[in-house]
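A short worksheet on the structure shown next.
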């Protein structure tokens with residue numbers, strides 16, 4: 001029986017979407033994310049990413065990471081303004097975002113730069129690398145504590161405060177991507193604009209406007 005067979009026809013479109021989301025197993029999200037990461041790595045290893053596979057793989061991982069971070073940030077406004085509830089999948093989205101950020105960093109550090117001395121030199125001397133590394137460092141405690149044990153140990157209030165580090169990390173990631181772009185490109189600007197809009201929905205005036 002398909003998942004859609006369990007959803008009453010009388011539901012609205014949003015209710016049907018929420019019911020379908022609730023039926024998606026979390027493990028499937030992780031499997032699909034890991035499979036996509038592995039597929040990109042396979043393409044890079046077999047010549048499927050063009051003449052500069054390391055640079056392209058690094059870019060692809062970074063883009064997926066930004067997209068997942070933005071999707072995670074969109075969960076709350078989508079629920080508040082449109083009634084679409086992605087909350088059951090938010091933690092898995094966040095974990096996958098951290099996984100792709102880590103993969104992006106490892107491809108750059110291990111396959112591209114290759115030595116610890118050069119990695120440190122780039123972090124210190126290249127501002128766009130400094131910004132990207134700062135965003136990555138902010139995401140590390142989020143990735144480490146994205147589990148039920150950490151919620152119990154820290155408490156829900158402190159855990160939520162800690163995970164607000166994703167806000168500056170998202171801005172740093174978007175600026176990092178914009179700074180990396182060669183010449184005038186629309187895509188990095190769009191990512192930065194979406195980031196700022198999603199963060200603006202969390203401002204106090206935005207919450208009052210929504211309630212009104």
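The values are calculated or read from the model by the stated rules, or taken from the named source; none is laboratory data. In this text the structure is predicted, and so the values were computed from the model without any measurement. With ideal geometry, Cβ positions are generated from the backbone for all residues, glycine too; neighbour counts draw on all protein chains shown.
Here is a list: 149, 180, 106, 189. Which entry is surrounded by fewer than 18 Cβ atoms within 10 Å (Cβ to Cβ) and farther than 27 Å from residue 34 by Cα? Please lay out each step first, then the result.
Numbers: 149 fails: farther than 27 Å from residue 34 by Cα; 180 fails: farther than 27 Å from residue 34 by Cα; 106 fails: farther than 27 Å from residue 34 by Cα.
On inspection, the qualifying residue turns out to be 189.
Being at pLDDT below 90 and within 22 Å of residue 70 (Cβ to Cβ) narrows it down to one of 154, 203, 172, so name that one. Full working, then the answer.
On the way: 154 fails: within 22 Å of residue 70 (Cβ to Cβ); 172 fails: at pLDDT below 90.
Going through 154, 203, 172 in turn, the sole match is 203.
Is it fair to say residue 165 is in a helix (DSSP H, G or I) and out of contact with any helix residue (DSSP H, G or I) (no Cβ under 8 Å at 6 or more places or on another chain)? Even if it seems obvious, please write down each step before you answer.
On the way: in a helix (DSSP H, G or I): yes; out of contact with any helix residue (DSSP H, G or I) (no Cβ under 8 Å at 6 or more places or on another chain): no.
Taking the combined requirement at face value, the residue does not satisfy it.
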